[in-house]
Amino acid sequence: MSWMRIGRLPAVLLAALVAGASEAGAQTTRPVAVEGVVGWAGFVDDAPDHHALAGASVRLPIGRRLSIGPEVFVTNGSSDRDTFVLGSLWVDLGAAPDMAQVVPYLVVGGGYMRHDQRFGSRHFVSGEGSFTAGGGVRAHLNDRVYVGGDVRIGWELHLRTTAHVGVTWPRR
């Protein structure tokens, strides 16, 4: 057997391995997502303290079902404002979340909350650790844009419900 023939077999096997690995990698590559969020948050007090909520998040995929990223949102009440900065983890559920049109998910996040309160002419500011946990669903409108919503409970003790619009890059 010549060296030329012996060299061909490993070359062919290596080429097949590389081609298969890149195809498999392409199937599991998920896009980065940027979301705009609006909603409602109800903080627990003697009576629920209603707040409008607005924010943004970025989801960076770290696996077939997992994404991590920052979330920043602000809630505005009648006399106060709360700013949350969280690092969050999303877990996509379902049989094939990377290909499904509708994707249910769980989310947890932890970080910091700054509270600004007005008492007449006085202004009070405080901060503390914060977390949220809950679940929701995303529905893809096309290969780039999706809409969804979620419900979470968090600390400073509150319940929040939000709607979001997301854009992915590159296309899924």
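Since every read-out is calculated from the coordinates, none of them should be taken as a lab result. On a predicted model such as this, the values are computed, not experimentally measured, just so you know. Note that each Cβ is placed from the backbone with ideal geometry, even for glycine, and that neighbours are counted across all protein chains shown.
The table below gives the values:
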| quantity | calculated |
| --- | --- |
| Ranked list, fewest to most other Cβ atoms within 10 Å of each Cβ, for M113, M99 | M99, M113 |
| Region 78-172: relative contact order as a whole-number percent, Cα under 8 Å and 6+ apart | 22 percent |
| Residue-span extension gain [A133 to V58] - 0.36 nm each, minus C-alpha spacing | 25.3 nm |
| Point-to-point label distance, N76-A47, nm (Cα→Cβ direction, 7 Å offset) | 2.2 nm |
| T162, T29 arranged by Cβ crowding within 10 Å, fewest neighbours leading | T29, T162 |
| Per-residue Cβ neighbour rank within 10 angstrom, fewest leading, L86, L66, L157, L53 | L157, L66, L53, L86 |
| Positive-end extreme of charge dipole, region 31-169 - chosen from V72, V103, L157 (charges on Cβ) | V103 |
| Cα centroid of region 54-127 to Cα centroid of region 133-172, whole Å | 10 Å |
| At R0 = 22 Å, FRET efficiency that the Cβ-Cβ distance of V151 and A100 yields, to 0.05 | 0.60 |
| For T83, net neighbour charge (Lys/Arg +1, Asp/Glu -1) across residues whose Cβ lies under 13 Å away | -4 |
